[in-house]
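Read through the structure below, which is laid out as structure tokens, and then see the notes.
The values are calculated or read from the model by the stated rules, or taken from the named source; none is laboratory data. Owing to the predicted nature of the structure, the values given are computational and were not obtained by experimental measurement. Using ideal geometry, Cβ is built from the backbone for each residue, glycine included, and neighbour counts are taken over all protein chains shown. The area values use the complete protein model at the heavy-atom level, side chains included, leaving out ligands, DNA and RNA. Shrake-Rupley method; radii C 1.70, N 1.55, O 1.52, S 1.80 Å.
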Amino acid sequence: MAVNYKSVPMREQLPDIRRKNFDEVPLGYSEEEAVEEAQRCLQCPKAPCISGCPVNINIKGFIKHIQNREFKEAVNVIYESDTLPCVTGRVCPQEDQCQAKCVVGVKGEAVSIGRLERYVADRDLEQRANDTKSIEINENLKAAVIGSGPAGIACAADLAKAGIKVTVFEGFHKLGGVLVYGIPEFRLPKRIVETEIETLKKLGVEFIKDTLIGRALTIDNLFEKGYKGIFIASGAGLPKFMGIPGENANGVYSANEYLTRVNLMKAYKFPEYETPVLKGKSIAVIGGGNVAMDAARTAIRLGSEKVYLIYRRTEAEMPARLEEVHHAKEEGLIFKMLTNPVSYSVDDKSFVKKIECISMELGEPDSSGRRRPVPVNGSNFEIDIDVAIVAVGTTPNPLIAKTTPDLKIGKYGEIPVDENNMTNKPGVFAGGDIVTGAATVITAMGAGRNAAASMIRYFSDIEQ
Ligand code: FAD
Ligand code: SF4
Ligand code: SF4
């Protein structure tokens, strides 16, 4: 069989149109396109793609079903390992994971595993929500899940399917974690996460919003209320700053605050809704990851004339997904690579007006294996800006750690767990970004499922 090295392209909104709206950029495959792309899969005996997926989805198996137009069977194969394929099919760093191991990718373009996953999952989303029925629940077996991001959702789903009464506590007024307040609508439409949450409600999962565990209730209070197992999935949403002069000026946001304001206060429906952030004519975004890219592309859509991406290494070292970098360039983002901010200056009302930067060059590799950026003496220059967005990383949310004295905490504020996602405190499990630090949706989702399986075993042990 002749190998087809060229993948079927996915239609997308044109750059000039999409930079003025928040609608999703890639439009998805049609049935014919999906089947044509699936035909490129060689059904390799050893299927190395599977080991590239953090939850080892049977990729070869689900693609075989697409080749045969058995779409329901295809998505069912995915559900065995992945609770949220509509999400992972869109946002997984496929090019570094499953697709990086695809045999076809050695000589040409890898099979578009993520796009195929998205296709069958989208086809099934509404149907699955309609088909889901509540199952008999053992009211004596109560579990609490803290946080409604992908780790919490995945854990709650598996616990509920096992007949356990699950309550999810969420600090925000919106459910979905970073999937809702971080990743913008143009990459992940909110209706997808809302439908997943509706499916969980049909399974009997209870959601309590606006409730911060550690403030409203502690972990020990939850045990007193009769919860026998607790899963902490509170994420890593505490922003880091650079600690440079002027960083506390008006108009300097963390990416977390900026994106949360836009996403949760519906600025993505601008002008229908007021913008709850300074829009800015000239914006500097600092960082090189997905978060920086999301903030920059959001600023473009809110009408900023110039949006600069300031990153201290080169484009080759940027951790952002290739697709996001490609899209951002098409939308007019101005890349300032090998550049590091030194300070901000402000006007007489303490609003930021300039960012001073220094040029960098790459030196010897550092502990991450990437070449260390070194400042070039005397190369300082300024850029006029009226908003800056700092996207240089986040650390685990600290509230639960502070209010649970007997819970072991790591040196970065993370919660250490064993291979069962169990913490040092009996009955308390943890997973997702609160354990690993900022990572990916699929690893958080996998951790949630592993924790659910462990909690189910734990319940059967304590019941005997
Ligand atoms: P979260 O999604 O952070 O959810 C934690 C939830 O817990 C939140 O809803 C929070 O409000 C709640 N919470 C926190 N503390 C408490 C408390 N004390 N009581 C009650 N509730 C609490 N990953 C990818 O794979 N691909 C991408 O393209 C990608 N892009 C990203 C873009 C942005 C802007 C960001 C911020 C992250 C991105 N990520 C991406 C990372 C990914 O979203 C996270 O790794 C993932 O969401 C972690 O899931 P989680 O369930 O552990 O935590
Ligand atoms: Fe690939 Fe992510 Fe799907 Fe796994 S979950 S097969 S890594 S797209
Ligand atoms: Fe198909 Fe690529 Fe996996 Fe081989 S490695 S089974 S071609 S997806």
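Mind checking which residues of the stretch 1-34 are open to solvent by 50 Å² or more (accessible area, probe 1.4 Å), in a loop (DSSP other than H, G, I, E, B) and of a type in the set (Val, Ile, Thr)?
Result: Val3, single match.
Of all residues in the stretch 48-78, which are among the small types (Gly, Ala, Ser) and within 11 Å of ligand 2 (Cβ to nearest atom)?
Once the filter is applied, which keeps residues that are among the small types (Gly, Ala, Ser) and within 11 Å of ligand 2 (Cβ to nearest atom), the stretch 48-78 yields Ser51, Gly52.
Gln99 is checked against (1) open to solvent by 20 Å² or more (accessible area, probe 1.4 Å); (2) touching a residue at least 60 places away in the same chain (Cβ under 8 Å); (3) within 9 Å of ligand 2 (Cβ to nearest atom) and fails just one. What number does that condition carry?
It is condition (2) that Gln99 fails.
Kindly indicate whether Ser81 is at negative phi and more than 23 Å from the chain's Cα centre (by Cα).
In short, no.
Quick one: is Ile59 under 25 Å from the mean Cα position of the chain (by Cα) and within 14 Å of ligand 3 (Cβ to nearest atom)?
yes
Please determine whether any residue of the stretch 314-335 is touching a strand residue (DSSP E or B) at 6+ places or on another chain (Cβ under 7 Å), of a type in the set (A, V, I, L, M) and surrounded by fewer than 18 Cβ atoms within 10 Å (Cβ to Cβ).
Yes, because at least one residue in the stretch 314-335 is touching a strand residue (DSSP E or B) at 6+ places or on another chain (Cβ under 7 Å), of a type in the set (A, V, I, L, M) and surrounded by fewer than 18 Cβ atoms within 10 Å (Cβ to Cβ).
Could you check, for the stretch 122-132, whether at least one of its residues is part of a helix (DSSP H, G or I) and over 30 Å from Thr199 (Cα atoms)?
No, the conditions are met nowhere in the stretch 122-132.
Do any residues in the stretch 23-45 that are more than 16 Å from Ile59 (Cβ to Cβ) have Cβ atoms under 6 Å from those of residues that are among the polar types (S, T, N, Q) and away from ligand 3 (no atom under 15 Å from the Cβ), where the two are at least six apart or on different chains, and which pairs are they?
Val25/Gln13
For Val87, are the conditions met, namely being within 16 Å of ligand 1 (Cβ to nearest atom), open to solvent by 10 Å² or more (accessible area, probe 1.4 Å) and either on the phi > 0 side of the Ramachandran plot or of a type in the set (Val, Ile, Thr) (or both)?
Criteria not met by Val87.
Quick one: which of Val262, Val277, Val285 is β-branched (Val, Ile, Thr) and either open to solvent by 70 Å² or more (accessible area, probe 1.4 Å) or part of a loop (DSSP other than H, G, I, E, B) (or both)?
On inspection, the qualifying residue turns out to be Val277.
Is one or more of the residues making up the stretch 149-167 charged (D, E, K, R), assigned by TED's automatic domain parsing to the domain that holds Lys202 and either touching a helix residue (DSSP H, G or I) at 6+ places or on another chain (Cβ under 6 Å) or more than 30 Å from Met422 (Cβ to Cβ) (or both)?
yes
Could you grab the pairs with beta carbons closer than 9 Å, sequence gap of 6+ or different chains, first residue in the stretch 179-190 and basic (Lys, Arg), second one in a loop (DSSP other than H, G, I, E, B)?
So the pair list comes out as Arg187/Glu24; Arg187/Val25; Lys190/Lys174; Lys190/Gly176.
Would you kindly identify the strands (runs of 3 or more DSSP E) lying entirely within the stretch 343-428 that contain at least 1 residues that are touching a residue at least 24 places away in the same chain (Cβ under 8 Å) and surrounded by fewer than 13 Cβ atoms within 10 Å (Cβ to Cβ)?
Counting at least 1 such residues, we get 381-384.
Being in contact with a strand residue (DSSP E or B) (Cβ under 8 Å, 6 or more places away or on another chain), under 19 Å from Lys142 (Cβ atoms) and in a loop (DSSP other than H, G, I, E, B), is that true of even one residue in the stretch 193-210?
Within the stretch 193-210 (the criterion being in contact with a strand residue (DSSP E or B) (Cβ under 8 Å, 6 or more places away or on another chain), under 19 Å from Lys142 (Cβ atoms) and in a loop (DSSP other than H, G, I, E, B)), the answer is yes, since at least one residue qualifies.
Look at Cys92 and say whether it is within 16 Å of ligand 3 (Cβ to nearest atom) and either more than 22 Å from Glu24 (Cα to Cα) or small (Gly, Ala, Ser) (or both).
no
From the residues in the stretch 150-162 that are away from ligand 2 (no atom under 16 Å from the Cβ) and open to solvent by less than 10 Å² (accessible area, probe 1.4 Å), which one is farthest from Ile219 (Cα to Cα)?
This residue is Ala160.
For the stretch 39-56, what are the residues that are over 23 Å from Ala151 (Cβ atoms) and more than 9 Å from ligand 3 (Cβ to nearest atom)?
Passing the criteria: only Gln39.
What number of residues within the stretch 165-174 are buried (at least 23 other Cβ atoms within 10 Å of the Cβ) and either modelled with pLDDT under 95 or farther than 24 Å from Glu136 by Cα (or both)?
Number of matching residues: 1.
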